[in-house]
Structure formats: structure tokens, C-alpha cells
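Structure first, then comments.
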Amino acid sequence: MMNAKVLIRYSVLFLLFCPLLVQSCKKESGSAGVANLSMDTEVSTDGSGLVTFTASASNADRYYFNFGTSANEEGTRSTSGKLSYTYTSSGTYTVKVTAYSTDNKSAVITKTISVTVNPAGEENISPENYPGMTLVWRDEFNGTSLNTSDWTYETGTGNNGWGNNELQYYRQENLSLADGFLTITAKRESFGGRDYTSSRIKTQDKKTFRYGRIDFRAKLPKGKGIWPALWMLGNNISTVSWPACGEIDIMELVGGGPGKDNTVHGTIHYDNNGTYANTGRSFTLPSGDFSDKFHVFSIIWEATSIKWLVDGVQFYSVDTSSPALREFNNHFFLLINLAVGGNWPGSPDGSTVFPQKMMVDYVRVFQK
């Protein structure tokens, strides 16, 4: 049996060393701090502005996201490290994530992202710059009237229905600008001896181009006998005539139901040593029609080739290095028109709904 003096001695020693034991225990159970903080971002390409962030770190208990939209933003909390945010305007944003451990130790990481937002929620927006190229001309159609310093209206019925037995009378009144869009409206109405009216414009002798990338963003009409086009002609047409001047059809659609309202065509026309010739290919949407939403129709035109693209996806290329295709080394001008009827689409029928509209958001020309 331990006597009273020995018991008191051990009690005093325990009281002296107990705080040291407690401190030792706390050190062993404390946090090692936040380590290996990283962040991944997934930026939506559909123009919605949606971005998904995923942060991860060792020993992290919670994360706070600052999306770079306000200098005073305190941050949005996430315990999982995953969070989505929808930006309302295009721009470059610096996102900051702060990760905390259970004992409030922290680590910070930042990342810069670029977001493109289309206020209309439309898909298929082309960039305003391309590597190695410069934007040399554009028309965003942001005014209330057509810029006649760049464009000329073509009116009337042309020669033999503009050479294609087309049925419309082209009028200036069928073209309008509003809300950032150029709209051509094809109507079933009697005017100038014709049963239909529409519009056609060109940049001949005002804006001409030799090589480059050309982007049109447009929403197309549909229906039997409807024939919209975004295209180019050689600026020397008045001296050498067609087809010796050359023609580049960036986009043509020949409407008329399944297989037509969802298909566009890219073509060149030229004089092959005194004989008319053409070559081209079509592109068909995997779902829906070209009247459902806007799409970007493009060519990449170089000294020895022309490539056609829809929404940035190439669907055709032609080698123009042959002397028979020398037309495509000259300057060309742009045309926008919406025809009704003609040799290719035929006439409208009972299924064709009028009016029909082609809306053009912009045309942009880039060159090396």
C-alpha cells in the first residue's frame, strides 16, 4: 500500500506535466493545412455564359469562389468544390478560389477565363479574330438603314429573271435594319408585273476583296421555291461577263422540306477555257433546319484553294491552282439576296408560307 507522502508526490507531478500532455495531444490531432489546391473550368460554348468550376485540395473543408464580376464580392461557398455560375456579358474574368481547412488555414488560387455571351441565347457565334489574320472590314448592321457607302441596292427583275428565271421583283423596301440584324423579306404580292417581291444588295466597286476568311452569320428562310444566297462575283464582271469573272457561292439554300431546308450548298462557277464549269458540295444539318436558329457560313479563300465551312466545320475544299481557275485570283465583291423561284428551286407551291425572312447578323472579312 502506497503511503500518503508518496501519493501526494505523484499527484503533484501529474498536475505539473498534464498541460504538456494536453498540448502534445492537440498538436498531433491538428490540421496539416490546405495543400495542392487546383481549379478546373468548363466554359460553355453555346453563348449562354455558363461556366462550371471544380476546385480540389488536400485537407480542404470548404471553398469560396469569387467569379471576378465584382471587386467587393465576398465569394460563394461550396463544400464540394464544384460550382456553376452564369455570366451575363462577354469578357475576360479573373476567378479566385479560397480553400479553408477545419482550423481555418487557407490557400488561394486564381485563374483567368474568357467568356462569350450572346444576349439572344443563340448558338454559333464566330470569333472576332483568328490567329495570323486581321479583321479588315465588317458590317454588323447595327444602324437603322443600310450603309450605302459600302452597299448598292439592285432592283427590278434583271435579265431573264437575273439569269435564272427567278420570279421576284427586287425592291429596296423589302430590306430593313433593326436590333442589329439586316432582314430581307420575300412577300407574295403583285409589283412590277411579278407576283413576288424581295431584295438584293451588293458591294460592287465599293468593297472588293482578294483572298481571306469571310464569315456570314445568318438565319435562313424555308419552303418550296425559296432561294437565299450569300455569295461573291468577280469585280470585273462588267468587262469579261459571267462566268469568266468567276462566282463563289458561300451559301445557297434551295428550300422545299426535308433534305432541302436543312441543306446548304457551297459552289464555284467559272470559265474553263471557253466552257462553263462548276464544282461544289452540300452540307446537311444532323438535326433541325437552317430556319431554326442562326448559323455561321464561311469560306477560307487563298491563292491556291477555297474551303467552305458551316459553324467552323469544314465540309468542302477545292484546289484553285489550275490555270483554268485563274478567275479566283482576282478581286470579288459580296452579294446578299433572297430569290423566289428560278431554275434550281422551281416555283413556290401550296405548301410555301409567305412572308419568308432571311436575317443576317453580320459579315466579317479577315486577311493575312
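Given the convex hull over the Cα atoms of segment 75-155, what projected area results after averaging over all orientations, in nm²?
Dividing the Cα hull surface by four gives the mean projection, 9.8 nm².
Extension gain Ser84-Glu140, at 0.36 nm per residue separation less the Cα-Cα distance, in nm? Mind showing how you got there, number by number?
Details: separation 56, 0.36 × 56 = 20.16 nm, distance 3.17 nm.
Length gained between Ser84 and Glu140: 17.0 nm.
How much of the calculated P(r) for the chain lies past 39 Å, in percent of all Cα pairs? Don't jump to the answer; show the numbers that get you there.
On the way: 25822 of 67528 pairs.
So the portion of pairs separated by more than 39 Å is 38 percent.
At a Förster radius of 35 Å, what calculated FRET efficiency corresponds to the Cβ-Cβ distance of Ser351 and Ser190, to the nearest 0.05?
Values: r = 21 Å, r/R0 = 0.60.
According to the calculation, E is roughly 0.95.
Starting from 0.36 nm per residue, how many nanometres of slack lie between Asn129 and Ser44 once their C-alpha separation is accounted for?
On the way: separation 85, 0.36 × 85 = 30.60 nm, distance 1.90 nm.
Using 0.36 nm per residue and subtracting the Cα-Cα distance, I get 28.7 nm.
Kindly flag which residue pairs out of Lys222/Lys293; Lys206/Lys368; Lys206/Lys307; Lys293/Lys368; Lys187/Lys224 have an alpha-carbon separation exceeding 19 Å in this structure. Intermediate results must be reported in sequence, preceding the final value.
Numbers: Lys222/Lys293 12 Å; Lys206/Lys368 21 Å; Lys206/Lys307 25 Å; Lys293/Lys368 30 Å; Lys187/Lys224 14 Å.
In this structure, Lys206/Lys368; Lys206/Lys307; Lys293/Lys368 lie more than 19 Å apart at Cα.
For each of Asp40, Asp361, Asp271, count neighbouring Cβ atoms within 10 Å of the residue's Cβ, then give the residues from fewest to most.
On the way: Asp40 12, Asp361 22, Asp271 19.
Ascending number of Cβ neighbours within 10 Å: Asp40, Asp271, Asp361.
Rounded to the nearest whole Å³, what is the per residue volume of the convex hull around the Cα atoms of segment 35-115?
Values: hull volume 6.4 nm³, N = 81.
Taking the convex hull of the Cα positions in segment 35-115, it is 79 Å³ per residue.
Give me the percent relative contact order of the chain, please, defined on Cα pairs under 8 angstrom at least 6 residues apart. Please report the intermediate quantities before stating the final value.
Details: 882 pairs, mean separation 65.1, N = 368.
About 18 percent, as a whole number.
What are the residues whose amide H is under 5 Å from the amide H of Lys82, where those residues sit 5 or more places off or on another chain and H is modelled from the backbone?
Ala55
Report, in listed order, any pair from Lys202/Lys357; Lys202/Lys260; Lys219/Lys260 with a Cα-Cα distance greater than 23 Å.
Numbers: Lys202/Lys357 18 Å; Lys202/Lys260 26 Å; Lys219/Lys260 15 Å.
Table pairs above 23 Å Cα-Cα are Lys202/Lys260.
Reachable aspartates and glutamates from Lys105, Cα under 15 Å, same-chain residues fewer than 8 places away excluded?
Partners within reach: Asp61.
Efficiency by 1/(1 + (r/R0)^6): what FRET value for Asp311 and Asp103, r their Cβ-Cβ distance, R0 = 56 Å, to the nearest 0.05? Before the final figure, lay out each step's value.
Numbers: r = 51 Å, r/R0 = 0.92.
FRET efficiency, Asp311 to Asp103: 0.65.
Can you give the calculated 222 nm mean residue ellipticity of the chain, where each DSSP H run of n ≥ 4 adds -39,500 (n - 2.57) and the sum is split over every residue, rounded to the nearest 500 deg cm²/dmol? Mind dumping the intermediate values first?
Values: 2 runs with 30 residues, N = 368.
Here the helix-only value at 222 nm equals -2500 deg cm²/dmol.
Could you tell me which residue out of Asn165, Ala229, Ser176 lies farthest along the dipole of segment 164-230 toward its positive end? Charges go on the beta carbon: Lys and Arg +1, Asp and Glu -1, centred on the Cα centre.
Toward the positive end, the furthest listed residue is Ala229.
Work out how far the C-alpha atoms of segment 91-220 reach from end to end along every principal axis, then list the three figures in whole Å, largest first.
85, 34, 25
Across segment 277-282, in residue order, what do the Karplus-derived ³J(HN,Hα) couplings come to in whole Hz, using 6.51 cos²θ - 1.76 cosθ + 1.60 with θ = phi - 60° and x for Gly and Pro?
Rounded to whole hertz, the list is 8, 8, 8, x, 7, 10.
Please give the FRET efficiency for Thr239 paired with Asn165, using the beta carbon to beta carbon distance and R0 = 35 Å, rounded to the nearest 0.05. Don't jump to the answer; show the numbers that get you there.
Details: r = 26 Å, r/R0 = 0.73.
My answer for the efficiency is 0.85.
Tell me which lysines have Cα within less than 29 Å of Lys111's Cα, excluding those fewer than 8 residues away on the same chain?
Lys82, Lys96
At 0.36 nm per residue, minus the direct Cα-Cα distance, what do Arg77 and Asn36 gain on full extension? Give it in nm, one decimal, please.
Values: separation 41, 0.36 × 41 = 14.76 nm, distance 1.91 nm.
Net length gain for the segment: 12.9 nm.
Enumerate the amide H contacts of Ile250 below 5 Å, restricted to partners 5 or more residues apart or on another chain; note that Pro and chain-start residues carry no placed amide H.
For Ile250, the qualifying residues are Leu230, Trp231, Met232.
Every number here is computed from the coordinates shown, using simple stated rules; none is lab data. Keep in mind the model is a prediction, meaning the values are calculated, not measured. Cβ coordinates were reconstructed from backbone atoms using ideal geometry, including for glycine residues, and neighbour counts include every protein chain displayed.
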